[in-house]
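Notes to accompany the following structure.
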Amino acid sequence: MEGNRTRRFGFLAYLDVSNSGFRDVAIGGDDWNLCLDIYNGKQAELKSISIPEPVIELGQSGITKTYQVLGIRGPHSSGETMVKSGDSISGFAYYVFEYWGWDEWSLRNQDGTITGKIVVSDVFGNRSSARFVFKEITVEKARTYVTDIDRINTASA
């Protein structure tokens, strides 16, 4: 774009959200955001994107398991985000970070990993966060989990 390089990153995270409170609570809408450190101490806050339910082969047995995507109704999940007191909910979330410009804006990549923070909010406005270390994998491997994952949220999708 305008003679500058464009870069695109996809982050696929498996989250387990526990409710250690005394009352049932729902996670607020799509409010499990990924925060990444970018240029000059600034942060990018990414919202999760709807994807098909990931299917992952267990070992080399040929047996597969389908996982839910948080907050998304799918063939194998209801999309429910209510978490009862003392219970937990788990599922995948997918984020895309795309930018163009100077190399200084690149995400901090150390030995094929990028560290981010996922912030989860409930409907009452309470927030909790956890650091995640994302390991780089090939697009081909990511496609074995989610078909055409590299085309999600693009103009050509």
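The values are calculated or read from the model by the stated rules, or taken from the named source; none is laboratory data. All of these numbers come straight from a predicted model, not from anything done at the bench. Backbone-built Cβ (ideal geometry, glycine too); neighbour counts: all protein chains shown.
If I filter the stretch 10-33 down to residues being of a type in the set (D, E) and farther than 14 Å from I72 by Cα, which single residue comes out as surrounded by the most Cβ atoms within 10 Å (Cβ to Cβ)? Explain how you work it out, then say what you get.
Within the stretch 10-33, the first condition is being of a type in the set (D, E), and the residues that meet it are 16, 24, 30-31.
Checking the rest, the ones that are also farther than 14 Å from I72 by Cα come to 16, 24.
Details: D16: 9, D24: 12.
Residue satisfying both the conditions and the ranking: D24.
Looking only at the stretch 51-80, residues that are under 20 Å from E140 (Cα atoms) and part of a loop (DSSP other than H, G, I, E, B) come to 11 in all.
Any chance the stretch 27-43 includes a residue that's part of a strand (DSSP E or B), modelled with pLDDT of 85 or more, of a type in the set (V, I, T) and farther than 20 Å from I152 by Cα? No, because not a single residue in the stretch 27-43 is part of a strand (DSSP E or B), modelled with pLDDT of 85 or more, of a type in the set (V, I, T) and farther than 20 Å from I152 by Cα.
Yes/no matrix, rows are residues, columns are (1) within 17 Å of Y145 (Cα to Cα); (2) free of Cβ contacts under 8 Å to residues at least 12 places away in the same chain; (3) crowded, with 18+ Cβ neighbours inside 10 Å; (4) in contact with a His (Cβ under 7 Å, 6 or more places away or on another chain):
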{"site": "C35", "(1), (2), (3), (4)": "no, no, no, no"}
{"site": "E45", "(1), (2), (3), (4)": "no, no, no, no"}
{"site": "S50", "(1), (2), (3), (4)": "yes, no, no, no"}
{"site": "P54", "(1), (2), (3), (4)": "yes, no, yes, no"}
{"site": "G79", "(1), (2), (3), (4)": "no, yes, no, no"}
{"site": "G86", "(1), (2), (3), (4)": "no, no, no, no"}
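Restricting attention to the stretch 106-131, the residues being among the basic types (K, R), surrounded by 15 or more Cβ atoms within 10 Å (Cβ to Cβ) and assigned to a loop (DSSP other than H, G, I, E, B) number 0.
Of all the numbered requirements in (1) out of contact with any Phe, Trp or Tyr (no Cβ under 8 Å at 6 or more places or on another chain); (2) farther than 18 Å from V17 by Cβ; (3) of a type in the set (S, T, Y); (4) surrounded by 13 or more Cβ atoms within 10 Å (Cβ to Cβ), Y99 misses one, and that requirement is (1).
Scanning the stretch 114-153 for residues that are without any contact (Cβ under 8 Å) to a residue 40 or more places away in the chain and under 24 Å from P52 (Cα atoms) yields a total of 11.
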